[in-house]
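> Let me give you the structure first, and then I'll get to my questions.
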Amino acid sequence: MRRFRSLSTRLTLQFALLFAGAMLTVSAALWTVIAGAASSQVEHQLQASGAVYDRLWQQRTHELQSAAQLLAHDFGFRAAVATGDTATVQSALANASRRLSIRTAFIVGLDGKVVAIDPAVPADEAQRLWEPLDEGRLSGVAVLAGQPRQLVAAPVLAPMLIGWVVFAPTLDEQEMRGLERLSAIPLRAAVLVRTSNNGWAAAGGSISKLDQLPVAIAKARSDGGQALDLAVDGDSSIAIAKPLTTFTSGDRATLLLAYPKADALRSARKLQLALAVMTLLGLALAALATWRASARIIQPLARLDEAAGRLALGEHVQVRVRGEDELARLATSFNEMVGKIEERERRITQLAFNDVLTGLPNRTMFQQQLDHAFRALDGSSAQIALHCLDLDQFKAINDTLGHPAGDALLIETGRRLSNAARGNFVARLGGDEFVVLQTLDGDRNAIDRLAQQLIAAIGRPFSIDGNELMPSTSIGIAIGPEDGGDGGTLLKSADLALYRAKESGRGSFAFFEQGLNERAQVRRQLESDLRLALDRGEFELYYQPLFDLASNRICSFEALLRWNHPRRGVVLPGEFIAIAEETGLIVPIGAWALRQACHEAVTWPEDTRIAVNASSVQFHRGGFQETVLQALAASGIDPKRLEIEITESIFLEGSDATLKLLHSLRGLGVRVALDDFGTGYSSLSYLQSFPFDKLKIDRSFIHNLLTRPGASAIVRAITELADALGIETTAEGVEETAQLQELRAHGCSSVQGFLFAQPMSASEVAQLFRDGLPAQNVA
């Protein structure tokens, strides 16, 4: 086996096998052509033999029919049959049988009884010939006493039909031998009959054993006498099968003519032997030539192989090969590869532990450093603090200014963190996520000071491509070992604290608390239940009416989503909408809410609108316009009765695409309202960019309307601005009559709040309209 590891041996073997394969292909092609020609010749001869047998069969049938008719018309024979003179009948049949050289002849009476039958043929087998005789069948093959027989019958009339005389010569081996002698080729013949178990067997002839006979006969019947391959007495043969006419409908008989393939192809064996000798000689020459050629290649390759082994051990190697051929160029490439490998190893060592973009240690290096820090804490009272931080609104900056700007911000962030946390370990874990590992010397206040330094360092203005940015960061802090006894647990705790810091406000830091784990588990469970809530039909819409102050009537309803949780009961949107937006589930949930609201509102009065809130995720995921179109088409509601409420967060990403979508909705006739107006940073610019149908004044202004003069001034300014732009205004959260009077004085268009009605189910809204309530007194 070791010799096959040699390249020269493998080359020799490969080329020898290729040559042998080519020669075998040529030999196989020639052999196929010769075999096909021989098979075609044998097939024609078999078909000719079959035609001869057909003529012999017709001649024999005519001879037997003439003898049977002559006997049936004999007056004395008819009288004997009519009077039941068995002796006379037997004598006449015996004389006729001797003349025809057959052993079996009998009479089948009109009543089905059989007389003068060969003792070798059971009477019950002959009796079943009555039915085909009665149907008028007078010739064919039948199986009697297990032997195929050629049956020929003639009716006996006296003058009415009193029976039939039947001659039944056996189709035995002697007759098949006679047929074989008539053929120009040494064929083998047999008559095949169906056996008692519905199989087939050779009942007469020189064939004693057949394989795959039912398949062969079925193929012969479907191919119309074409030649087929068949195993006869264990030898592969070329055969044809000719169906024979049978006397009874239940019998089947076939003539099989076969010729062994070995005899047909004997003349081609000399050519096959010559091809084999030529193949062996060519194979030997090819092997010798290949061996000599491969020897000139092996020596340079052996030196390269030795050098590669030394390189694997870490040695610096160079290979010299004379000449300018491919082997010399291979040696030159090998030497260049050695230099590049050494350079790459140095680079890989750096990349394995450092972030490519910022040059800071990466997650792998951080994990090693964190494990090392925990080992250093073992048995001591020292502590470590892990600061986990990421950039606020980094995705918006990345999407708005492009990835190069985002990369520049990450590089600058790494530089600022390294300077602010000098003396502590700083790493980038990925994306905009960074960590600072702080070793404490007993001063817990150092944690707060470092966190504040990090926030201040990141918060300094940063200019990218002429754009002035004010970056900020949120920090989650976990202290080891009390918040985690290992690196993985401590990092998880810091992540939970970071999530809490973002909830409490951007640009802040928060410490890990044990309750955060419980909150995280509750949130994970809520997210899991939320994924199934839509399929389980757990969502329901409630509707809060909006009152038009000019007409003192209900002008529209706002659709409010409620989740009927199977264990927690009714879950308000404030508890699950944020999770739905983070996971993207808000898209199918929002689509369902829009369809359901339109479906239920279409039954309301024509002058009553329905308002549905839309999340920024629905806008930026795409397909929102199609969702609106489907809801309108499915419900049949007038588009002018549908109002989509959006918040300013929709404009934070992709404002151009958002404005295009809003204009498309307005083009459909759908109204667009800006919700929570006055709480954002650039509401006036949005009013300039898009002609909203309505502004909804945030409830925080309404709550302070009677207590803070500034709130009243803001509400007045909003209503006057909206009136100048031709935009309606709706005040949210109206709960007191004094608030209502103040809003009416400021010219607010409509109001919404608990002062008028609580949110109600769809059935309650329907009942409200059925009761036909008059205009509401909201003076």
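The values are calculated or read from the model by the stated rules, or taken from the named source; none is laboratory data. Small disclaimer: the values here were computed from a predicted structure and weren't measured. No Cβ is skipped: glycine too gets one built from the backbone with ideal geometry, and neighbour counts run over all protein chains shown. SASA here: full protein model, heavy atoms, side chains in, ligands and nucleic acids out. Shrake-Rupley method; radii C 1.70, N 1.55, O 1.52, S 1.80 Å.
> Considering only protein heavy atoms and a probe of 1.4 Å, how much of the accessible area of segment 425-486 is carbon and sulfur, as a whole percent?
Here carbon and sulfur together make up 46 percent of the probe-accessible area.
> Heavy-atom accessible area of Lys261 with all protein chains present, probe 1.4 Å, nearest 10 Å²?
About 50 Å², rounded to the nearest 10.
> So how far, in whole Å, is the C-alpha centre of segment 545-624 from the one of segment 37-66?
A separation of 91 Å, based on Cα centres.
> Oh, and also: At 1.4 Å probe size, with every protein chain present, just tell me what the per residue accessible area of segment 13-109 comes to in Å².
57
> Show which aspartates and glutamates lie in cross-link reach of Lys261 when reach means a straight Cα distance below 16 angstrom and same-chain residues fewer than eight apart are skipped.
Glu43, Asp211, Asp229, Asp233, Asp235
> Can you send over the solvent-accessible area of Ser504, 1.4 Å probe, protein chains only, in Å² to the nearest 10?
Its heavy atoms expose roughly 90 Å² to the probe.
> While we're looking at this one, here's another question. In whole percent, and with a 1.4 Å probe on the protein chains, what portion of the accessible area of segment 509-589 is carbon and sulfur?
50
> Please list the non-local residues whose amide H lies under 5 Å from the amide H of Thr647, H modeled 1.01 Å from N, same-chain partners needing a gap of 5 or more.
Asp675
> In square angstrom, what is the accessible area per residue of segment 395-496 with a 1.4 angstrom probe?
44
> Which whole-number value in Å² is the accessible area per residue of segment 675-752, probe 1.4 Å?
I get 47 Å² per residue for this part.
> On the protein heavy atoms, probe 1.4 angstrom, tell me the percent of accessible surface of segment 678-765 carried by carbon and sulfur.
Ligands and nucleic acids excluded, carbon and sulfur give 51 percent.
> Need one value: the accessible area of Glu125 in square angstrom, 1.4 angstrom probe, rounded to the nearest 10.
Accessible area of Glu125: about 50 Å².
> I would also like to ask the following. At 0.36 nm per residue, minus the direct Cα-Cα distance, what do Ala657 and Ala738 gain on full extension? Give it in nm, one decimal, please.
My answer for the length gained is 24.9 nm.
> Sticking with this structure for a sec: Would you please name the chymotrypsin sites (Phe, Trp or Tyr not before Pro) within segment 664-744 that are DSSP coil residues with at most 10 other C-beta atoms within 10 Å of their C-beta?
Those satisfying the criteria are Tyr681.
> If amide hydrogens are placed 1.01 Å from N in the peptide plane, which non-local residues have theirs closer than 5 Å to the one on Glu558?
So Glu558 has HN proximity to Gln544, Leu546, Ala611.
> Considering only Cα-Cα distances, which of the following residue pairs are longer than 26 Å: Lys395/Lys694; Lys395/Lys696; Lys395/Lys660; Lys395/Lys502; Lys395/Lys492; Lys660/Lys696?
With Cα atoms farther than 26 Å apart: Lys395/Lys694; Lys395/Lys696.
> When the Karplus curve 6.51 cos²θ - 1.76 cosθ + 1.60 is applied with θ = phi - 60°, which whole-Hz ³J(HN,Hα) does each residue of segment 503-514 get, with x for Gly and Pro?
5, 7, x, 6, x, 9, 10, 9, 8, 5, 10, 4
> Got the relative contact order for segment 447-547 handy, in percent, Cα pairs under 8 Å and 6 or more residues apart?
Relative contact order of segment 447-547: 20 percent.
> Moving to a separate point now. Can you give the extra length, in nm with one decimal, that the chain gains between Ala352 and Asn419 once fully stretched, where that is 0.36 nm per residue apart less the Cα-Cα distance?
Extending this stretch completely gives an extra 21.8 nm.
> Need the full-extension length gain, Arg567 to Asp263, defined as separation in residues times 0.36 nm minus the C-alpha distance. One decimal, nm.
Here the answer is 100.7 nm.
> Could you pull out every one of the aspartates and glutamates with an alpha carbon less than 20 Å from that of Lys113, ignoring same-chain neighbours closer than 8 positions?
Asp85, Asp124, Glu125, Glu131, Asp134, Glu135
> Got a sec to turn the phi values of segment 60-66 into Karplus ³J(HN,Hα) couplings, 6.51 cos²θ - 1.76 cosθ + 1.60 with θ = phi - 60°, whole Hz, x for Gly and Pro?
3J(HN,Hα) across segment 60-66, in whole Hz: 5, 5, 4, 4, 5, 5, 5.
> Relative to the compact-globule scaling 2.2 N^0.38 Å, provide the ratio for the alpha-carbon radius of gyration of segment 613-742.
In units of the globular-protein estimate, segment 613-742 measures up at 1.13.
> Give the separation of the Cα centroids, segment 82-128 to segment 691-754, in Å.
Cα centroid to Cα centroid, the span is 123 Å.
> Net charge around Trp604, counting only other residues with Cβ within less than 14 Å of its Cβ (Lys, Arg = +1; Asp, Glu = -1)?
Surrounding charge for Trp604 is -3.
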